[in-house]
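Heads up: the structure comes next, in structure tokens.
The values are calculated or read from the model by the stated rules, or taken from the named source; none is laboratory data. All of these numbers come straight from a predicted model, not from anything done at the bench. Here the Cβ is made from the backbone with ideal geometry for all residues, glycine too, and neighbour counts use every protein chain on show. To get the accessible areas, we keep the full protein, side chains included, count just its heavy atoms, and leave off ligands, DNA and RNA. Shrake-Rupley method; radii C 1.70, N 1.55, O 1.52, S 1.80 Å.
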Amino acid sequence: MAVKEKKRKASAQDGERPAKKAQTNTVKVKHVSGADDAQPVVAHSPGVFLPSDLNFDAYSKKGSGRSSLLLHSSSHPTIDHLATESKTTSVADKHTKHYIAVFDPSSNKLSVIPAKKMTVRSSVRQAAPDESADTSDAEAQLSQPASSSRAALTEAFGTKKSRKAVASMAENRLLARAEDDDPLSTAILSSIKEEDAPVLSAAADRSNKPLPPADLTTDEIKDVYPLSVLVHPGPAHTTLSQMRIQPWIDRISASKEINSRFRYVAHRVKPLTALHIDQQNEHTLLPLQLLHYITILLELYVYVSRLPPRRTIPQPEKWPESTISDTHLGSAFLSKLLHAFFPNSLPTAHARTLLTTTILALTLHIPPPKWTPGADVNVLVTEPSDIGLDLALQPAEVGKYYRELGCRMETLTDNELTKYGWEKVGKGKKATDEDGAGGVKKPRFAKLRFPVEFPKISAGRPSRR
């Protein structure tokens, strides 16, 4: 059998010489890890732009066989910068090391040096006492504790809980400054990225919740949830003027009952209509208009709750005839009302909850059975059992929504029940510790009064040690 020989490549000497010369330069790599050598750092500052001319002073703390590095800079006129060693947040980062390579072209040496990862935090420096101020002011300023120094020590060597408390105090002090031209506030805000600015908002924890916006700057309790944010489409007075209450007036004038499919409306329309017939003013007209508007929102809530959550809500022209009882409202009005709560025309849980909380906020504007039209009030009170049944919600859910609106769920005393005109309810229920002497369970009422307090955000279950 003949064996086939493999072809051999021609030697480099027989062929042409390559056009490029081979590199003959060599680079010596040296790993520097001695304790006496200067160790660089890799610093980062999340959310803050650091000036390029910052000069840091280094401090070291040794203990338990390991050292911790601390860098501090006060070169900025109003802000102190503090850099501490970053702690690992995951198992993957635990075994990650950082290095810095320095190349010397004169000697062709590349030095690889291990570097520490550090995080730079910024804090507003405490203002020095003004020499031109009075002696009493100077003594008061000197008597104040050095909060910035304490905050720096806490940030460097404190626990996670103490660092979080110091950060919250600093944000509260910054947000409490009313002057727009405050130099300290301007300095710290100028170093924050635009996308991180909403974190400093006082209402940031409620912005993502399906709740109507609350006005916490007002001095009137009824303006905490103004009608401009509860009545859609705007303006509110135009929408409320389209609410037809004349049929109610005609039936009460003829001594006839007003029938309604909703308990909340049926139990309140008669006394409000009778009072409006007696006085005929704007103070008695507004509650009737709001009650008619609540009726429309409840009808919309019932219709949307029966639709599949992933199917688009049809246009009002395709709704069943019995969906909205007021046939005088046109399709354009209902389309705008639908878009206000369901902008994507999808009955999502978030949108339905917003409709629910808006209805509950509107009930705070409906006066109790006994009230004086036009009188100033310092608390808004409502009884939530009827509206809870109309919305098909459990009492615990209704109470939770009212607390999210800033209300307090409390029982009323006998004097308050007489003042507001509510009769005692709850007969036949099992007595508890909060029951009266007669063994009747007292109902809880939703109260909105100053100061308006919202539920605190839970930090979750504590981690096991």
Subject >> Neighbourhood charge, 13 Å Cβ-Cβ cut-off, centred on S325 and excluding it, Lys, Arg +1 and Asp, Glu -1 >> reply: -1
Original post:
Cross-link list K370/K400; K209/K442; K270/K370; K270/K447; K222/K447: which exceed 20 angstrom alpha carbon to alpha carbon?
Top reply: K370/K400; K209/K442; K270/K447
Original post:
In what order, largest first, do R261, R408, R403, R306 sit by accessible area if the probe radius is 1.4 Å?
Top reply: R306, R261, R403, R408
Original post:
Simple spin-label model, 7 Å along Cα-to-Cβ: D326 to K97 in nm?
Top reply: 7.4 nm
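Which whole-number percent gives the relative contact order of segment 264-352, counting Cα pairs below 8 Å spaced six or more residues apart? Don't skip to the answer; put the middle values down first.
Numbers: 53 pairs, mean separation 25.6, N = 89.
Averaging sequence separation for qualifying contacts and normalising by length gives 29 percent for segment 264-352.
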Original post:
Using a 1.4 angstrom probe and counting only protein chains, how large is the accessible area of H44 in Å², to 10?
Top reply: 70 Å²
**OP:** Classify segment 303-345 as rounded, prolate or oblate, taking a ≥ b ≥ c as the square roots of the eigenvalues of its Cα gyration tensor: rounded when a/c is under 1.5, otherwise prolate if a/b is larger than b/c and oblate if not.
**Re:** oblate
Original post:
Around P368, with a cut-off of 11 angstrom between Cβ atoms, what is the net charge of the other residues, counting Lys and Arg +1 and Asp and Glu -1?
Top reply: +1
**OP:** Hey, for a label at Q242 modelled as a point 7 Å past Cα toward Cβ, could you say which residues of segment 353-389 have their backbone N under 16 Å away?
**Re:** none
**OP:** Roll a 1.4 Å probe over the protein heavy atoms and report the accessible area of E85 in Å², nearest 10.
**Re:** 50 Å²
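Need the full-extension length gain, E257 to H72, defined as separation in residues times 0.36 nm minus the C-alpha distance. One decimal, nm. Spell out each step's value before the answer.
Values: separation 185, 0.36 × 185 = 66.60 nm, distance 7.75 nm.
Stretched fully, the E257-H72 segment lengthens by 58.9 nm.
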**OP:** Please arrange V379, V102 by accessible surface area, largest first, computed with a 1.4 Å probe and ligands excluded.
**Re:** V102, V379
